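The values are calculated or read from the model by the stated rules, or taken from the named source; none is laboratory data. Predicted, not measured: the structure shown is a model, and the values here were computed from it. Cβ sites come from the backbone with ideal geometry, for glycine too, and all protein chains shown count toward neighbours.
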Amino acid sequence: MQIKIAANRKRKNTMQQLIEAAWENRELLKDTTTQNAIREVIELLDKGKLRVAELIKEEGNTDGMWQVNEWVKKAVILYFPIQKMETLESGIFEYHDKMKLKTGYEALGVRVVPNAVARYGAYLAKGVIMMPSYVNIGAYVDSGTMVDTWATVGSCAQIGKDVHLSGGVGIGGVLEPVQAAPVIIEDGCFIGSRCIVVEGVRVMKEAVLGANVVLTKSTKIIDVTGNAPKEYKGIVPARSVVIPGAYTKKFPAGDYQVPCALIIGERKESTDLKTSLNNALREYDVAV
């Protein structure tokens, strides 16, 4: 077992070195060894054996920190120029693209409703349900998650276990700059209809976003549950219940309302997450 782990680590180091070299010198993309390394990374992403970002547990930090594997993102970016355009057909539909579509859903234990599409290089764990929706290359969607109708999961986004992405949700993708963190939706979150989450925002475990919440890296996320407001940016605390809001901002032309997000309560800790979710939606009258 230890020999196998050591061999895998050595192979990963070799792939990383080849990809880092090609990133600095694109002429190396003509080399078969480099191309094979890039394609191997994409295959490992597709199988969930490699991730663009991973949660690192730290002593004294129970929430952990998400680490971006920049070299893996570089491999995804370098995959595009080594792929050739080709015509793909699915029944009466025709496509012209460089990327293969994901296949083998029955063996993966994934339910895919027509016209759902996932690109090769996106990982879908067992128990994932895709209504007519889209998951892009480099994304990771964990077990039990529902990607509802017309929801999109962008490149390299990380979606946890038992998440519900409601109809029309837009989870942003990110490839460049390579050091930029992807959007993180952690386990047990409920993302309401037409929400937009972009620019590497982290929505922590079991949080609830009501319909039409828009979160960017600069969006003010204001906790209004206490005697004084508490402001966050780029992160939604665990089990928060969030709705769209606005605050007044002064401009040269006058005072205007600017969108924000309001934390209006907290989803209770419960072994029955469905009951906890339903109670939170009712208690805070959250539209989803």
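A few remarks follow.
- Scanning segment 58-98 for residues that are assigned to a loop (DSSP other than H, G, I, E, B) and either farther than 25 Å from N115 by Cβ or modelled with pLDDT of 90 or more (or both) yields E59, G60, N69, Q83, K84, M85, K98.
- R39 fulfils the conditions (1) on the phi > 0 side of the Ramachandran plot; (2) not in a strand (DSSP E or B) except for a single criterion, (1).
- Taken over segment 241-288, residues that are among the aromatic types (F, W, Y) and closer than 18 Å to F190 by Cβ amount to 1.
- Only one of the numbered conditions (1) out of contact with any Ser or Thr (no Cβ under 9 Å at 6 or more places or on another chain); (2) surrounded by fewer than 18 Cβ atoms within 10 Å (Cβ to Cβ) is not met by N279, and that is (1).
- Residue in segment 182-189 that is under 21 Å from the mean Cα position of the chain (by Cα), under 15 Å from I159 (Cβ atoms) and assigned to a strand (DSSP E or B) present: yes
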